[in-house]
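The values are calculated or read from the model by the stated rules, or taken from the named source; none is laboratory data. In this text the structure is predicted, and so the values were computed from the model without any measurement. Positions of Cβ are generated from backbone atoms using ideal geometry, with glycine treated the same way; all protein chains shown enter the neighbour counts. Keep in mind that these areas ignore ligands, DNA and RNA; they rest on the heavy atoms of the full protein, side chains included. Shrake-Rupley method; radii C 1.70, N 1.55, O 1.52, S 1.80 Å.
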Amino acid sequence: MNKIVERLREKNGSQKGFTLIELLVVIAIIAILAAIAIPQYAKYRQKAFNSAALSDLKNVQTAAEAYFADHQVYP
C-alpha cells in the first residue's frame with residue numbers, strides 16, 4: 001500500500017501546470033474586473049470630453065472679448 005501512495009505522490013509532484021477549474025476561476029475573475037472597468041472608463045472618457053469642450057468654449061469667449069476690446073464690436 002505504501003508503494004502505491006508513493007507512486008501517486010511522485011506522479012502528482014512531477015506534474016506542473018494548472019487545472020481546468022483554476023483556469024476557469026481566473027477567467028471568471030478577469031471577466032468580472034473587465035465588466036466593472038469598461039463602464040468606468042467610458043464615464044471618465046465622457047467627462048474628459050465635456051471638460052475639453054467647456055475649456056474650448058471659455059477660450060472662444062475670451063477671444064471674442066479681446067476682439068471686442070480692440071474693435072468695439074463683436075465678430
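Would you please calculate the Kirkwood hydrodynamic radius of the chain over all C-alpha pairs and express it in Å, rounded to one decimal?
Working: mean 1/r = 0.0531 Å⁻¹.
Computed over Cα pairs of the chain, the Kirkwood hydrodynamic radius comes out at 18.8 Å.
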### Query
Roughly how tilted is helix 2-14, in degrees to the nearest 10 and between 0 and 90, from the longest Cα axis of the chain?
20
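Roll a 1.4 angstrom probe over the protein heavy atoms and tell me the percent of accessible area of the chain that is carbon or sulfur.
Summing carbon and sulfur atoms, their accessible area is 66 percent of the total for the chain.
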## Note on the structure
Total charge of the residues flanking Ala63 in space, meaning their Cβ is under 13 Å from its Cβ, with Lys and Arg +1 and Asp and Glu -1, is -2
### Message
Between Tyr74 and Arg45, what is the label-point separation in nm under the 7 Å Cα-to-beta-carbon projection?
### Response
3.5
### Query
Taking the Cα atoms only, what angle lies between the long axis of helix 20-71 and the longest principal axis of the chain, rounded to 10 degrees?
10
#### Entry: 20 Å Cα-Cα reach of Lys47 towards aspartates and glutamates, excluding residues that sit fewer than 8 places from it in its own chain
Asp56
